[in-house]
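Readers should treat all values here as calculations from the given coordinates under stated rules, not as data from a laboratory. Since we're looking at a predicted model, the values are computed, not measured. A quick note on method: Cβ atoms are made from the backbone with ideal geometry, for glycine too, and the neighbour counts reach across all protein chains shown.
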Protein chains: 2
Amino acid sequence: MPPKKYHHGDLKNALIEAGIKILSKEGVGGLSLRKVAKQAGVSHSAPYAHFTDKQSLIAAISTEGFKQLYAELDAAISSNAGDPKQQLMEGAWAYVQFAMNNTDTFKIMFSGALEKEKAYPAFVEISHKTFERVADIVSACQDAGVLRPAPVEIMAVSVWGQLHGIISLILEGQVSHVVLDRFNIQEIVAFAMNQLISDESAA
Amino acid sequence: MPPKKYHHGDLKNALIEAGIKILSKEGVGGLSLRKVAKQAGVSHSAPYAHFTDKQSLIAAISTEGFKQLYAELDAAISSNAGDPKQQLMEGAWAYVQFAMNNTDTFKIMFSGALEKEKAYPAFVEISHKTFERVADIVSACQDAGVLRPAPVEIMAVSVWGQLHGIISLILEGQVSHVVLDRFNIQEIVAFAMNQLISDESAA
DNA sequence: GTCTAAATCTTGACATCGTCAAGATGATAT
DNA sequence: ATATCATCTTGACGATGTCAAGATTTAGAC
């Protein structure tokens, strides 16, 4: 974090953090370039010195979100070294917790507000790295007989998809209270992961 | 479908269909109330006679989408009566196909552009009915030993979450081409469903 | 059939938004 | 010190969501 040094200082990062702040306070719909600029104390078109357009800012925010998600995933893995099953469980819970603690950042990361033809290489890179981290856990679990044998990529997509789908449905309010009153989210996630775990290992 | 009968005729439905059309041609970002109005041949604020605001139109479009999804799910169930496993597989594929054939409608249905405090009772109803349909299949599969014994709701959330997560990740471009080149989407979906199916049944 | 009330639609306006162009200001390198 | 470049401001544009006022058409009461 370089200190103030220029007209404003480190505006680019200030804008990203302002964006994250607005996202958490006003949600995805409340995020505008002008509000971000005002929050950072600059004029409404100052962001254009650092971001080509709004999508570009969103890409930067999403990249930041992925970095944090990656770090928490990594922590879950490290603190359960040698225990693949626990890595899977704790990693899954880390993913879900990240989504719940950063709801709107999480939504924007996967909102498809990005993509199209534009590249955003930093975003693509950290996103792929995150997937590889998931694949690492999956691979370790397969070696330990916790997950069934299968091509790693397709099993990793299953695991990630399972997590992502459950938390997405919950965040969008699609899971009725009838269900959420009976089971807490940690139970649901653990249940879902256990479904993927091979029977011999679960026993 | 009542025929033309008034100033415009059945404007409310015309606006919904115009919205779906714009959605499919220009994507979620291209959907504006004014464009919808123009497409329907009315002035820019005519929609306010039928929808309180943009969210309300989106709710109506989403409701329409859920009705179609429900119908296709229902068809998959009916045409495989007596074979729960096939109902699960075909139902899953129907869900994924709906998402792929109506990408942007699907996205807006789950984009959380809705919810908040507002109710949209028609949307909530069809959405719950859809979940119940999934639960029906799950219950039948459990009875047939295709899915493991467990509370129906939590198993249904797993199944739906698995499907929803996989297709969402794919639609948002989060699944790398390395994976998609090796496996087609039907394979991935079938694999994921098979992971949830109990070992005895799969054998 | 006429009249009134309600539903429907149009016109015009406003604030907000993303974006661009022109210019000002501060930093950097020679 | 000066020239060049990055950074930021001001002002403008069209598009958008929404509201207010009024016009038009339909439906219902008599």
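Values as computed for the structure displayed
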quantity	calculated
Distances in nm from A:G173 to the matching label points in the other copies, shortest first (labels 7 Å along Cα to Cβ)	2.9
Residue among A:P84, A:P151, A:P47 with the largest mean-square fluctuation in a Gaussian network model of chain A, springs linking Cα atoms under 10 Å	A:P151
Longest DSSP-loop-exposure-free segment, trypsin sites (Lys or Arg not before Pro), chain A, at most 10 other Cβ within 10 Å	A:6-203
Of all chain B residues, the one whose C-beta is nearest the axis that brings B onto A, in angstrom	B:G165, 1
Average beta-carbon neighbours from other chains, 10 Å sphere, peptide A:148-154	4
Gyration tensor verdict on segment A:42-182 (Cα atoms; rounded if a/c is under 1.5, prolate if a/b is larger than b/c, oblate otherwise)	prolate
Using alpha-carbon coordinates, inclination of helix A:185-196 to the longest axis of chain A, degrees	50
With Cα atoms, 0 to 90° folded angle of helix A:121-143 axis to chain A main axis	10
Under the Karplus curve 6.51 cos²θ - 1.76 cosθ + 1.60, θ = phi - 60°, whole-Hz ³J(HN,Hα) for segment A:90-104, x wherever Gly or Pro sits	5, x, 4, 5, 5, 4, 5, 5, 4, 4, 6, 7, 9, 3, 7
Distances in nm from A:G41 to the matching label points in the other copies, shortest first (labels 7 Å along Cα to Cβ)	5.7
Span per principal axis, largest first, for the Cα atoms of the protein assembly as shown (Å)	68, 61, 40
Teacher prompt: A:N184 distances to equivalent labels in other copies, 7 Å Cα→Cβ, nm	4.5
Residue-averaged beta-carbon neighbours from other chains (10 angstrom radius) around B:169-179	6
Helical mean residue ellipticity (222 nm; -39500 (n - 2.57) per DSSP H run of 4+; nearest 500) of chain B	-22000 deg cm²/dmol
Partner chain coverage, peptide B:28-35 - average Cβ within 10 angstrom	1
Between 0 and 90°, nearest 10: helix A:11-26 axis offset from chain A longest Cα axis	60
Entries in A:K118/B:K129; A:K35/B:K118; A:K67/A:K118; A:K21/B:K25 that, when Cα-Cα distance is taken, lie over 29 Å	A:K118/B:K129; A:K21/B:K25
For segment B:164-171, 3J(HN,Hα) per residue [Karplus equation, 6.51 cos²θ - 1.76 cosθ + 1.60, θ = phi - 60°, Hz, x = Gly/Pro]	4, x, 4, 5, 5, 4, 5, 4
Loop GluC sites (Glu not before Pro), segment B:115-189, which have at most 10 other Cβ atoms in a 10 Å radius of their Cβ (DSSP)	B:E117
